[in-house]
Amino acid sequence: MNKKFWLQPRFLISSLFLVVMVTASFIHAWFFDSHIPQTPFINLGENVVGPPFPPFEYSILGTDSNGVHLFYQILQGAKYTILGALAIAGISFSLALLIGIPLGFNRRGTSKWVEHTISVLYFVPASIIAYQLLNPLMREQLSGFATSLTYRLVAEVLVIAILLTPPATVLIANLTGEFLKKDYVISSRLIGSGAWRITRQQLFPYLKNHILDLFSRQTIQAVLVMTHLAVFVVYFGGTGIGFGMGGGPPFPVTNEWASLIGMKYYTIQTSAPWLVLVPLIFLLLFLLSVMGITGSIKRHGNVDSSVKEEEQEPPQELDRPFERVSGDQ
Amino acid sequence: MKPLFLIFGIFFISISSLFVAPQGFLWPGIAAIIEVGKRTVNPEELIYINPTSGVERDLFPIIFEAFANTMGVLTLALAVSVAIASAGTFLLWLAPEKWTTGVRSVTSLLSTIPDVMYVLSAQLVMVWIYTTFDWRAIEFTGAGTEDAILLPALVLAILPTIYFLHSMLDFVYEEKGQDYHELAVSKGMPKAHILILHISRNVLVKFVYQGKFIIGLTVSNLFIVEYLFNNFGMTAFLVEYAQPPVFFVTAMLFFIPIYLTLKLLEVFVFITTKQEVDL
């Protein structure tokens, strides 16, 4: 199938969604100064109607109980969510490749230690570790934030990326190990090609499908960790707390989508369920777009039909090889 | 060897909160770390401090109550999910193959949805049922001394069931193409017989590997579910009252049973299939 994958409808729609959301978000930030309108009440002749307003009545996507428009919050948060999650996935994925491939090449004594250290992550969830590390940094103190927004964003992205790297590294190391046992690779090594050449010429085409799968899975994991943190009131980029008498509940400084869900979670039992559903729908659309992009690259970006054959092998080879028990033992 | 790594890893995570302050990352000094170590080895004297009220309370024995709560929800959820997934696989095995491909694609789509969505939807559905039919058969939030156990366990079981079902179906259908399966069919064995006696043995090892990953996933969802259902469980000690010694003791108390269970699973697999598995 020699079709150009960037002309497939699935790829176009998915990337269109991402590009439009990020661009709109930046335009909102640069030209409108991230202004979020607030409608305290609406005068309808003799009635004065108060917020929260459901979607499509007086505002595009509804407002919360203070009259803050949800649509502009979503717009402001779009760039943080999309770029943040993609950055986390990209960093953890590159780290996994950088560490996993050399690890796969020399699997003599190092793998045991690495696997033991990584097994801690199976027992203590990454969200709890992230909470321990990020909570003190993200809470606003009485005197305001002590660090800049950029520092907090970079710290959060790095911490979550490092936490998500180990399972991906183990996966890549296992895959590389299995790959190195193939006949044509062994012949190449016998002829005398070095590790870098094998990696570039033979490993990358083999790993291409797995790499795409891994990237979309890391993005989903990143969004998951951000949502878990948001439920624990550690919002992406900082938790603003209004001190004093007029302060409301903690709010996310960046209005990122997962944090919006976390902040408005209590509203599902009130009469304003759209406050949680709308950011949730946007998050799901984001995940579907990422899956759409990687899925269409996987299906249409490959020229060889031999790749189809590779697709069936991996599920068996990922675990350690073991003897098959035959039926009549 | 491995348990030592785990213990050290958990200790490192417990003290990691000392490394962060509102001003950024810093080095707290060896004295602080040693202080944590000293307080950990005297667990009877451990106290936990409520950050808002500043009241100090003894950690033991109230932590056992929270522990029983959390463990109850977790084991119930895992048992339910394994049972439903096994039953589902069995039924689908006897059904036409088209149903299986349909179920597989549905489960692979569902497994990408973040877990918070399931908790959210479950709570929404319960609230809707209550407001529409005025029927409150089971507790659906923890409040005061009453704790919800059934509903959080059911909600927690949704995602593992989907994962288990997906992997079980994958494995079982892989075995279908094997030689010994053809032999068994040609010998005239009934379908159910083949599945239960022969295929399960081969699938068990691969399945147990997947199981470790799925248990990790379930544990991470467990904390969210507990928090959102307002249950009194380990989450409170790990998140709200988390000073390093408290965190360490809580984490150890929680993860030792899980580790023992995995070891037991290893032994069980070894006995039934004569293969060594390393979990």
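The values are calculated or read from the model by the stated rules, or taken from the named source; none is laboratory data. Remember, it's a predicted structure, so these values are computed and weren't measured experimentally. Ideal geometry is used to build each Cβ from the backbone, glycine not excepted, and the neighbour counts take in all protein chains shown. Keep in mind that these areas ignore ligands, DNA and RNA; they rest on the heavy atoms of the full protein, side chains included. Shrake-Rupley method; radii C 1.70, N 1.55, O 1.52, S 1.80 Å.
Annotations
- Inter-chain Cβ neighbour average for residues A:225-235, partner chain, 10 Å: 3
- Relative intensity, log₁₀ I(q)/I(0), of segment B:74-230 from a Debye sum that treats every alpha carbon as a point, q = 0.10 Å⁻¹: -0.45
- 14 Å beta-carbon shell around A:Ser188, net charge (K/R +1, D/E -1): +4
- Neighbouring Cβ atoms from other chains, within 10 Å of the Cβ of residues in B:157-170, number 0 on average.
- Count Lys and Arg as plus one, Asp and Glu as minus one, and take only other residues whose Cβ is under 13 Å from that of A:Val253; the net charge is then -1.
- For the pair A:Ala29 and A:Lys181, label points projected 7 Å from Cα toward Cβ lie 4.8 nm apart.
- Charge sum, other residues only, whose C-beta stays under 12 Å from B:Ile162's C-beta, Lys/Arg counted +1 and Asp/Glu -1: 0
- Area hidden from solvent between A and B (accessible, protein heavy atoms only, 1.4 Å, total, Å²): 5200
- Across peptide B:250-257, the mean count of Cβ atoms from other chains lying within 10 Å of each residue's own Cβ comes to 1.
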